[in-house]
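Comments concern the structure below.
The values are calculated or read from the model by the stated rules, or taken from the named source; none is laboratory data. Quantities reported herein were computed from a predicted structural model and do not represent experimental measurements. Please note: Cβ atoms are built from the backbone with ideal geometry, for glycine as well, and neighbour counts cover all protein chains shown. Protein only, heavy atoms only, side chains kept; ligands, DNA and RNA dropped before computing areas. Shrake-Rupley method; radii C 1.70, N 1.55, O 1.52, S 1.80 Å.
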Amino acid sequence: MSRASLQLERKILRLLHGHKTRNYLREIHARFLRQCLHQSNQILCHFVSVCGHLNKMDYANLVFLQTHNPNILLYNSMIKGYSLNGPFEEAVTLFSSLKACGIWPDEYTFSPLLKACSGLDHVRIGKCIHGEVIKSGFECFGSIQVGVVELYCSSDRMEDANKVFDGMSPRDVIIWNLMIRGFCKRGDLDVGLSLFRQMSERSVVSWNSMISCLAQSGRHSEALALFQEMREQGFQPDEATVVTVLPICARLGAVEVAQWIHSYAESSKLYRNAVSVGNALVDFYSKCGNLETSLQIFNDMPCKNVVSWNTMISGLAFNGRGELGVELFEEMMNKGERPNDATFIGVLTCCAHAGLVTKGQKLFASMSENYCIDPKIEHYGCMVDLLARNGCVRMAYDLIKNMHIIPNATLWGSLLSACRSYGELKLAELAVKELITLEPWNSGNYVLLSNIYAEDGRWDEVEKIRILMREKSVKKVMGQSLTG
């Protein structure tokens, strides 16, 4: 290649990797087309790589398909791009293509290829790629070992992962973390914990992973004890630690630990730099009933996202401050923050607790009319609760009957409770019959219907319920009584 061509290549590479210029892909592409460098594997490799980072793999593929003699570097860049952005099967197709072209894969081919296989969740293809790794002699490369272990862990093939793990020496912290998460994910929490204890070197990610797995399995006290141990060993909590541990503190009522986290988050700037930390603090104090602190943190947050608003609105709802929650929702709208389906669950719950029937109906209608959000079962649940709590039992029944999705037992149960409170025995009878259809095994529903008939003096119907229960082999739970 001539000196002039080399200089042109360097200029184009500088454009591709410049922070201000790399987004102008079309202009850069046009430039190297004009310079007749569109068959340069060196330039194309970098171009495709930048496309991958910008999630523009369709464009990368168009350029790749025009290449006459792609080399392994270009194939690797394409495979890596698809492993980052998908579709993952395209990475496997490219691997087949390079093999068909007689191009020999190298160590940089297999790491992203294995990652793509993990994303595909297709262990058979992954095992074939693992076989190619062994055939090519790259099984001892660290990044490839990580890829193989990640493949088997993500596919719940922990026996295969363990074989690779046992054959590795040395094992870095990434491999240990993958194995721990893999065992915990399949429910073998004690095996994961045992591996964690065997680690000679841990990272904050290791601690976070184990704390999170314990919490997700309901072992909150152990999770909190592990967090305390993490602190004692000199590890500094990061954003993920704080977001994981604060809900544990709320569940266990560990206020002192949470207050330490709050103080640490402020002194370490986590609170200022990570919106998720502010959200977690708002959620914690709301769950503890400390709305004053929760609102103060929310108002002081330098940056808020939709989760921040949702958390505060829901916190107000569950602490009986529904009207304030609706006001906050309106403030959210005035500030141009777009609500999502979780926002409406929060604000409709506010309406239910504050008895704001008309406001709730308007908000519910606005979901589809103004925000193109289809109401889910949870939204209908909020509306049924709102209407039923405020004596609009017939309206609640009509709403359930006109739903575009099948109502569940929770909705009918909510309606039933209101029917009995407001003496709507006819609607109560309809609600219980729906419950029996949905839950034919639940003896409580039969008992409820029997009691409704007894209250109305319809003793022949009470007897029919007894017979129906016998025919369906439904056993009455201890403590329940079929009146009559």
On the given criteria, is Lys80 within 28 Å of the chain's Cα centre (by Cα), farther than 30 Å from Ser136 by Cα and not aliphatic (A, V, I, L, M)? no
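Hey, any hits in the range 74-83 for a residue that's free of Cβ contacts under 8 Å to residues at least 24 places away in the same chain, surrounded by 22 or more Cβ atoms within 10 Å (Cβ to Cβ) and over 23 Å from Arg3 (Cα atoms)?
Among the residues of the range 74-83, not one is free of Cβ contacts under 8 Å to residues at least 24 places away in the same chain, surrounded by 22 or more Cβ atoms within 10 Å (Cβ to Cβ) and over 23 Å from Arg3 (Cα atoms), which makes the answer no.
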Do we find that Gly381 is under 26 Å from the mean Cα position of the chain (by Cα), assigned to a helix (DSSP H, G or I) and within 30 Å of Met469 (Cβ to Cβ) in this structure? yes
When you check Ile373 against the structure, is it touching a Cys at 6+ places or on another chain (Cβ under 9 Å) and either part of a loop (DSSP other than H, G, I, E, B) or open to solvent by less than 60 Å² (accessible area, probe 1.4 Å) (or both), yes or no? no
Helices (runs of 4 or more DSSP H) wholly inside the range 202-277 containing at least 3 residues that are of a type in the set (D, E, K, R): 220-232
Flag for Lys127 being without any contact (Cβ under 8 Å) to a residue 40 or more places away in the chain, touching a Lys or Arg at 6+ places or on another chain (Cβ under 9 Å) and closer than 27 Å to Asn55 by Cβ: no
Say whether the condition of being within 23 Å of the chain's Cα centre (by Cα), farther than 23 Å from Cys213 by Cα, in a helix (DSSP H, G or I) and at pLDDT 95 or above is met by at least one residue in the range 286-296. yes
Residue check: is His29 in contact with a helix residue (DSSP H, G or I) (Cβ under 8 Å, 6 or more places away or on another chain), free of Cβ contacts under 8 Å to residues at least 40 places away in the same chain, within 16 Å of Met78 (Cβ to Cβ) and open to solvent by 10 Å² or more (accessible area, probe 1.4 Å)? yes
With open to solvent by 20 Å² or more (accessible area, probe 1.4 Å), closer than 27 Å to Ser414 by Cα and touching a residue at least 24 places away in the same chain (Cβ under 8 Å) as the only criterion, which of Asn319, Asn305 stands out? Asn319
The one condition Leu94 fails out of (1) more than 28 Å from the chain's Cα centre (by Cα); (2) at pLDDT below 95 is (2)
Is there a residue being open to solvent by 30 Å² or more (accessible area, probe 1.4 Å) and farther than 25 Å from Val173 by Cβ anywhere in the range 137-144? yes
Looking at Thr358, Thr437, which is the one that is more than 24 Å from Ser308 (Cα to Cα), surrounded by fewer than 21 Cβ atoms within 10 Å (Cβ to Cβ) and at pLDDT 95 or above? Thr358
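Of all residues in the range 44-56, which are open to solvent by less than 10 Å² (accessible area, probe 1.4 Å) and more than 13 Å from Tyr24 (Cα to Cα)?
The answer is Leu44, Val48, Gly52.
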Would you mind finding the one in Glu232, Glu222, Glu239 that is within 20 Å of the chain's Cα centre (by Cα), of a type in the set (D, E, K, R) and surrounded by fewer than 21 Cβ atoms within 10 Å (Cβ to Cβ)? Glu239
